Amino acid sequence: MISQYWVGQIPATPLSILVKDENGEAANLGDYTNITAKMVGSNNELVDLTGAQVVSTNKVLGQIGFVWPTDRSLFDKDGDYVLQLSLEGTNKLDFTTTHTIRVRELGRRTRGNVYNR
């Protein structure tokens, strides 16, 4: 799944994430006590997620909301960003598959993943 945002955007609506198990079914996240996010930018650099929140909207159905920071945009340049969740519980640590976030800038043309002015 790929989401699309724009350079400088501060999304008002949280990103809705459905965590699935290895069978493709909604994962029960009840055994996890801490869910955190990590994101890298288009050059594989870590993005500072200070001010962002990961909230469980329904642990039994594997539903998570990623709430964007409100004081700044995480998208300072165009390209593909990648988001991953870390799921921690007593004696367990799991990671979700990655989610691609495509960030565009109006007026730029794209050829594959390379953006040109």
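When a/c reaches 1.5 or more, the comparison of a/b and b/c decides; with that in mind, is segment 20-62 rounded, prolate or oblate per its Cα gyration tensor? Provide the component values of the computation, followed by the final result.
Numbers: a/c = 3.30, a/b = 1.72, b/c = 1.91.
Oblate is the answer for segment 20-62, as a/c is 1.5 or above yet b/c matches or exceeds a/b.
If you place +1 on the Cβ of every Lys and Arg, -1 on the Cβ of every Asp and Glu, and leave all else neutral, what size is the dipole of segment 2-105 about its Cα centre, to the nearest 20 Debye?
160 debye
How about K92: which lysines have a C-alpha closer than 23 Å to its C-alpha, ignoring those fewer than 8 places off in the same chain?
Here the lysines satisfying the reach criterion relative to K92 are K20, K38, K59.
Let me check the size of the chain from its C-alpha atoms; what are the radius of gyration and Dmax in Å?
Computed over the Cα atoms of the chain, radius of gyration and Dmax are 15.2, 49 Å.
With Cβ to Cβ distances under 13 Å as the rule, what net charge do the other residues near A37 carry (K, R +1; D, E -1)?
Working: positive: K38; negative: D48, E88.
So the environment of A37 carries a net charge of -1.
List the aspartates and glutamates whose alpha-carbon lies under 17 Å from that of K77, not counting same-chain residues fewer than 8 positions away?
E45, D48, E105
Only sites in a loop by DSSP and with at most 11 other Cβ atoms within 10 Å count here; which GluC sites (Glu not before Pro) in segment 1-104 make the cut?
Passing sites in segment 1-104 are E22, E25, E45.
Every number here is computed from the coordinates shown, using simple stated rules; none is lab data. Computed from a predicted model, the values in this text were never measured in an experiment. Ideal geometry is used to build each Cβ from the backbone, glycine not excepted, and the neighbour counts take in all protein chains shown.
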